[in-house]
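Shown next, in structure tokens, is the structure this report addresses.
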Amino acid sequence: MLTDTAAPKHGLAAGDAGRPENADWTISQGWEHYTPADHATWKTLYERQTKLLPGRACDEFVQGMRDLPIGADEIPDFRHLSEVLMPRTGWQVVAVPGLVPDDVFFDHLANRRFPAGNFIRKPHELDYLEEPDVFHDVFGHVPMLMNPAIADFIQAYGQGGLRAQKLGNLSQLARVYWYTVEFGLLQQGDGLRLYGSGIASSYTESQFCLDSPSPNRIRFDLERVMRTNYRIDDFQETYFVIRDLDELLEFTRIDFAPLYESATRAPELQPGDVLPTDQVFSRGDGSYHHARKQGTAT
Ligand code: HBI
Ligand code: FE
């Protein structure tokens with residue numbers, strides 16, 4: 001194969017080889033099997049990210065991190081995380097080999113089990129990840145699960161995901177998850193902070209999303225977000241801003257069905273689109289993605 005130098009595949013991406021025996025795709029974390037090099041990779045990621053997050057991550061993220069047994073020296077043991085998380089918000093962390101099928105993912109979330117990849121990225125791919133690994137899942141997601149509003153929202157996403165699959169509206173619901181749980185910003189103090197796990201765990205994007213003149217930062221609107229495509233292969237062109245985490249709780253109480261209907265009737269939006277009806281915090285100049293298209297970005 002020509003792709004031998006590429007990163008090894010895990011979970012769903014590995015085909016039949018990645019499918020574990022358990023129907024729910026859970027495996028043992030195998031904590032004892034991490035090598036000193038694995039723990040060293042964790043430490044590198046942890047230390048550079050921890051320096052970046054003060055003033056960028058929201059207070060709830062910082063507090064969650066402080067209260068959890070997550071430190072620089074070793075990859076956390078999921079059992080120890082669950083011991084702290086469970087009495088707080090009723091969540092636990094379970095190990096999976098990587099991406100799992102949508103219905104399996106939703107079923108875990110609906111039952112307050114967060115499926116975390118047990119593998120860690122290799123040193124030559126610190127900044128680019130095709131699949132969620134233990135650093136993304138634990139450093140990025142678990143601190144936010146200490147917050148009751150996010151805890152309820154992600155469970156509701158699991159329940160809604162199972163329904164949306166039957167209704168055929170999964171792509172619209174997945175956009176809501178993407179632009180909140182993974183790449184969301186919120187208002188805090190006199191500025192914007194990040195709470196999305198995809199940006200909280202990314203060295204480059206945690207800076208880009210707040211500091212760069214390139215992306216748009218637009219007030220979150222549920223139906224608008226349901227219509228908006230996203231990029232999985234690069235920084236986002238637009239970030240959506242919620243008022244505070246409790247705003248997410250409001251979304252657990254409303255019926256999405258009518259929104260799916262109007263979002264389906266309205267035209268689909270591209271990631272960089274800005275509408276006259278948008279409440280814009282900052283209008284991006286698009287310089288980053290423009291340069292990428294010209295092939296001049298570094
Ligand atoms: N599996 N382990 C894992 N992590 C995810 O974030 C994930 C997944 N499977 C499906 C999935 N996400 C998304 O495609 C759904 O949110 C739609
Ligand atoms: Fe994630």
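Look at region 21-38: where a residue is at positive phi and a partner is surrounded by 11 or more Cβ atoms within 10 Å (Cβ to Cβ) and not in a helix (DSSP H, G or I), sitting 6+ places away or on another chain with Cβ atoms under 8 Å, you get Trp25/Arg19; Trp25/Val96; Trp25/Pro97; Trp25/Val100; Trp25/Pro101; Trp25/Pro115; Gly30/Ala95; Gly30/Asn118.
Selection of region 40-64 for residues being among the hydrophobic types (A, V, I, L, M, F, W, C), under 20 Å from the mean Cα position of the chain (by Cα) and farther than 22 Å from Val241 by Cα yields Trp42, Leu45. When region 95-107 is filtered for residues that are buried (at least 20 other Cβ atoms within 10 Å of the Cβ), within 16 Å of ligand 2 (Cβ to nearest atom) and not aromatic (Phe, Trp, Tyr), the ones remaining, listed by number, are Ala95, Val96, Pro97, Gly98, Leu99, Val100.
Of the helices (runs of 4 or more DSSP H) lying entirely inside region 89-192, those containing at least 3 residues that are over 30 Å from Gly71 (Cβ atoms) and within 11 Å of ligand 1 (Cβ to nearest atom) span 102-110, 148-167, 170-177. In the set (1) away from ligand 2 (no atom under 16 Å from the Cβ); (2) crowded, with 17+ Cβ neighbours inside 10 Å; (3) of a type in the set (S, T, N, Q), Ser202 fails one condition alone, (1). The selection criterion, being polar (S, T, N, Q), out of contact with any Phe, Trp or Tyr (no Cβ under 6 Å at 6 or more places or on another chain) and in contact (Cβ under 8 Å) with a residue 24 or more places away in the chain, holds for Thr41.
Across region 173-199, what is the number of residues that are at pLDDT below 95 and not small (Gly, Ala, Ser)?
Summing the residues that are at pLDDT below 95 and not small (Gly, Ala, Ser) in region 173-199 gives 1.
Among the criteria (1) outside any helix (DSSP H, G or I); (2) free of Cβ contacts under 8 Å to residues at least 60 places away in the same chain, the one Asp278 does not fulfil is (2). Taking the conditions (1) within 14 Å of ligand 1 (Cβ to nearest atom); (2) surrounded by fewer than 24 Cβ atoms within 10 Å (Cβ to Cβ) in turn, Asp244 satisfies each one other than (1).
The values are calculated or read from the model by the stated rules, or taken from the named source; none is laboratory data. Everything numeric in this text was worked out from a predicted model, so none of it was measured. Here Cβ is always computed from backbone atoms with ideal geometry, including for glycine, and neighbour counts include all displayed protein chains.
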